[in-house]
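Each remark here refers to the structure printed beneath this line.
The values are calculated or read from the model by the stated rules, or taken from the named source; none is laboratory data. A quick note: this is a predicted structure, and the numbers were derived from the prediction, not measured. Don't worry about glycine lacking a Cβ; one is built from the backbone with ideal geometry, like all the others, and counts go over all protein chains shown. Please note that ligands, DNA and RNA were not included when accessible areas were found on the heavy atoms of the full protein model with its side chains. Shrake-Rupley method; radii C 1.70, N 1.55, O 1.52, S 1.80 Å.
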Amino acid sequence: MSKLVYLKDVVTLQLNSESCSGCAMCATVCPRGVFEISHRKAKVADRDACIECGACAQNCPEGAVSVRVGVGCASAVINSMLGINNSGCCSMDQYENDKAAAKGTGC
Amino acid sequence: MRYKIDPGLYALGAPDADSPVLISASFKMSFDLLREALPARNAWVLVLDTDGINVWCAAGKGTFGTEELAGRIESCGLSRVVKHRKIIVPQLGAPGISAHEIQKLTGFKVAYGPIRASDLPDFIDSGLKARPGMREKTFTTGERLSLVPVEIVHAFKNFLMVLPLVFLLGGFSGQGMFVANALRFGGATALGLLMAIAAGCLVTPLLLPWLPGRAFSIKGLWPGITFGVLFLVLRNIVSALPAASTLESAAWMLLIPAISAYLAMNFTGCSTFTSLSGVKKEMRWAVPAQIAAVVLGAMLWITSVFI
């Protein structure tokens, strides 16, 4: 089966090739095979496959990758709109809390 | 049942100062999968305090995080337990861990292990190298099916809440006795709602890769339409009711696809390939459309009851 992909042209993933050192950490941690390394530089080979988990940005020593992190969960979005904050996995409270921290890591 | 295990350093088999160190979460199932994947092997397992949450979700929340990992390495005295300076962190923990920060803070070099614990022996034996396929998250039919029961239970809770209303309105339908009507018409209506749940929570996840459309709401529409038609046929056969009026048929062809689309949309959180930006984009048009269809469908259905 080919790779399952969600909507086109929507993710917030950004790669700054100039500061990329080609260490390939982004390609290692990405669970969706978004990155490819060619000529000692990372490149976004499959942008629409990105799920905005933030593993690449967390693990880029050069801070060359940025993405607005979140979980693609409609229930969580609905719960946060209804003001329900502690329904286990399906809540967005952690991202709100983590926003300050996320900024520090270039997210 | 307790799903939480105590954080700290555990020994698998009889590890020594050269044995590999594996990082895990304080969710019992994460720890058990890890143990089962490494039978008859000697290794250290450092369990982080993730409050009983699995690695992936805890990494997203930040509890499976750089600070916790560095602190746990320190408090367990890992540098005195092993001679080497390498730790194997599950790849799905990477959204919470900054490998270069860990090295700076603790001196330990992070090697990201495979996504599936079952690939660990191969990964360790090949000198901490992942083979192709070990790093990509799949979403097989079996994996999708395993999520179906939870989805159905969630939907069922809402179903049980509207059930009294369904039987009450059913009682006002038709010509006969209230109770007999409530059972006949209410029963048929309950069947319709159950079929909507089956379309959204069972058929959609099962056929997910092959359903047309990228948005989950669109994917859920097709089983919804199919089950809507199927219901209108079944309703007359099973309940021996007179054929649905045009008004009632129209109501069901709005309600079942809309409910199915809504439930399918909620499967985004279970899936392994959606992003928050994408879900928000989908919801901007899908939620108003679903609400409009359900409100209109319910109005048509109630009108058909009292006509």
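Write out, first by first residue and then by second, each pair whose Cβ atoms fall under 7 Å of each other, whose residues are 6+ apart or on separate chains, and whose first residue, in segment B:264-291, is facing chain A (nearest Cβ under 8 Å) and without any contact (Cβ under 8 Å) to a residue 24 or more places away in the chain while the second is of a type in the set (Ser, Thr, Tyr) and surrounded by 20 or more Cβ atoms within 10 Å (Cβ to Cβ). From segment B:264-291, the pairs are B:Gly269/A:Ser75; B:Ser275/A:Tyr6; B:Gly278/A:Tyr6; B:Val279/B:Thr268.
Total residues in segment A:2-21 satisfying the condition of being crowded, with 16+ Cβ neighbours inside 10 Å and not β-branched (Val, Ile, Thr): the figure is 6. The C-beta contact set for segment B:205-228 (first residue touching a residue at least 60 places away in the same chain (Cβ under 8 Å) and within 11 Å of chain A (Cβ to nearest Cβ), second residue buried (at least 24 other Cβ atoms within 10 Å of the Cβ) and of a type in the set (Lys, Arg), distance under 7 angstrom, 6+ apart or interchain) comprises B:Leu208/B:Lys219.
Residues of segment B:13-69 being acidic (Asp, Glu) and either touching a helix residue (DSSP H, G or I) at 6+ places or on another chain (Cβ under 8 Å) or open to solvent by less than 50 Å² (accessible area, probe 1.4 Å) (or both), which ones?
Residues of segment B:13-69 acidic (Asp, Glu): B:16, B:18, B:32, B:36, B:49, B:51, B:67-68.
Matches in segment B:13-69: B:Asp32, B:Glu36, B:Asp49, B:Asp51, B:Glu68.
Across segment B:195-202, a minimum of one residue is classified as open to solvent by less than 60 Å² (accessible area, probe 1.4 Å), out of contact with any Cys (no Cβ under 8 Å at 6 or more places or on another chain) and within 14 Å of another protein chain (Cβ to nearest Cβ).
Looking only at residues in segment B:125-151 that are in a helix (DSSP H, G or I) and surrounded by fewer than 16 Cβ atoms within 10 Å (Cβ to Cβ), the one that is modelled with the lowest pLDDT is B:Val150. List the helices (runs of 4 or more DSSP H) inside segment B:32-122, counting only whole elements, that have at least 2 residues being within 14 Å of chain A (Cβ to nearest Cβ). Output list reads B:55-61, B:66-75, B:99-106. Scanning segment B:89-124 for residues that are surrounded by 15 or more Cβ atoms within 10 Å (Cβ to Cβ) and basic (Lys, Arg) yields one hit, B:Arg116.
Restricting to segment A:40-87, give me the number of residues that are of a type in the set (A, V, I, L, M, F, W, C), part of a helix (DSSP H, G or I) and farther than 17 Å from A:Cys20 by Cβ. Please lay out each step first, then the result.
Within segment A:40-87, the first condition is being of a type in the set (A, V, I, L, M, F, W, C), and the residues that meet it are A:42, A:44-45, A:49-51, A:53, A:55-57, A:60, A:64-65, A:67, A:69, A:71, A:73-74, A:76-78, A:81-82, A:84.
From what's left, part of a helix (DSSP H, G or I): A:49, A:55-57, A:74, A:76-78, A:81.
Applying the additional criterion that residues be farther than 17 Å from A:Cys20 by Cβ yields A:49, A:74, A:76-78, A:81.
Total satisfying the criteria: 6.
For segment A:9-23, the criterion of a residue being modelled with pLDDT of 95 or more and within 21 Å of B:Pro90 (Cα to Cα) is satisfied by at least one position. Taking the criterion of being closer than 18 Å to B:Gly200 by Cα, basic (Lys, Arg) and more than 21 Å from the chain's Cα centre (by Cα), no residue of segment B:213-261 qualifies.
Within segment A:1-29, residues that are under 16 Å from B:Lys280 (Cα atoms) reach partners that are hydroxyl-bearing (Ser, Thr, Tyr) and in a helix (DSSP H, G or I) with beta carbons closer than 9 Å, at six or more positions or on different chains, in the pairs A:Tyr6/B:Thr268; A:Leu7/B:Ser277; A:Val10/B:Ser277; A:Val11/B:Ser277; A:Thr12/B:Ser277.
Taken as a whole, the condition of being open to solvent by 30 Å² or more (accessible area, probe 1.4 Å), more than 16 Å from B:Gly113 (Cβ to Cβ) and either in contact with an Asp or Glu (Cβ under 7 Å, 6 or more places away or on another chain) or in the same structural domain as B:Arg116 (by TED's automatic domain parsing) (or both) does not apply to B:Lys86. Name the single residue that is farthest from the chain's Cα centre (by Cα) among those in segment A:4-27 being charged (D, E, K, R) and more than 8 Å from chain B (Cβ to nearest Cβ). Once the filter is applied, the top-ranked residue is A:Glu18.
Would a scan of segment B:181-197 turn up a residue that is part of a helix (DSSP H, G or I), among the basic types (Lys, Arg) and under 24 Å from B:Ala293 (Cα atoms)?
First, pick out the residues of segment B:181-197 that are part of a helix (DSSP H, G or I): B:181-197.
Remaining after also requiring among the basic types (Lys, Arg): B:184.
Subsequent filtering for residues that are under 24 Å from B:Ala293 (Cα atoms) retains none.
Looking for residues that are part of a helix (DSSP H, G or I), among the basic types (Lys, Arg) and under 24 Å from B:Ala293 (Cα atoms), one finds none in segment B:181-197, hence no.
Got at least one residue in segment B:173-185 being within 13 Å of the chain's Cα centre (by Cα) and of a type in the set (S, T, N, Q)?
So in segment B:173-185, the residues within 13 Å of the chain's Cα centre (by Cα) come out as none.
No - not one qualifying residue is present in segment B:173-185.
When restricted to residues that are facing another protein chain (nearest Cβ under 7 Å) and modelled with pLDDT under 85, segment A:68-90 contains 2. The residues of segment B:209-256 that are in a loop (DSSP other than H, G, I, E, B), at pLDDT 95 or above, farther than 18 Å from B:Val294 by Cβ and open to solvent by less than 60 Å² (accessible area, probe 1.4 Å), listed by number, are B:Leu211, B:Gly213.
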